[in-house]
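The structure appears right after this line, and notes come after that.
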Amino acid sequence: MTVLGAGGPLSAQQIGLPDGDWSGLRLGAQVGRGDLGAQVFGRDLDLGRIDGLGLHAGYDRDLGRAVLGAELAVDRVTVDDLDDSGVLVRLRARLGADLGRVQPYLSAGIARLTADALSETVPVFGAGLDVAVTPHMTVGLDYSRMDIDDALEDRLGGRGVPVDADLMQVRAAWRF
């Protein structure tokens, strides 16, 4: 990448843009929203909008073209239509592609959602995109999908209700 400056062209390294090494620890924050839905008697039911605000910590190892990582994210979540709030904890592995300053990734792991209406540990899957804006700062988007197959089982007399949660978040992180 070349940028024209007052004295002529400048390279990416001269203006302090990252070289694409994604190895290291990262700490950050995220905010976003999503949807909570259920299937009752074969009909889809919208349970409301999820708002999430939280922190994440992770470690990535750049292997050349691939980036392997692990992450722990903790969010305070509220569900508008249910007048409910709780905590969402996600522990995920990430597999990304090193495209220089851009890293798209897929993630998979487990999530623990604890709220008034439910408390479940379920698989979580997702995808995202991180963009390095400085050698130590990234911004990005992260999508998570959780299928809570037997939610509310104890409250409904042994019969669970399939609940789906989708969450899209904007993130910023500091890389060490």
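The numbers here are math on the coordinates, done by the rules we state, and not lab data. None of the values given here were measured: they were computed from a predicted structure. Positions of Cβ are generated from backbone atoms using ideal geometry, with glycine treated the same way; all protein chains shown enter the neighbour counts.
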Exercise. Simple spin-label model, 7 Å along Cα-to-Cβ: R61 to R76 in nm?
Worked result: 3.6 nm
Seminar exercise, completed: Working note, region 18-175: Cα radius of gyration (Å, one decimal) and Dmax (Å, whole number) are 16.7, 57
Exercise. So if R0 is 22 Å, what FRET efficiency would L68 and F125 give, r being the distance between their Cβ atoms, rounded to the nearest 0.05?
Worked result: 0.85
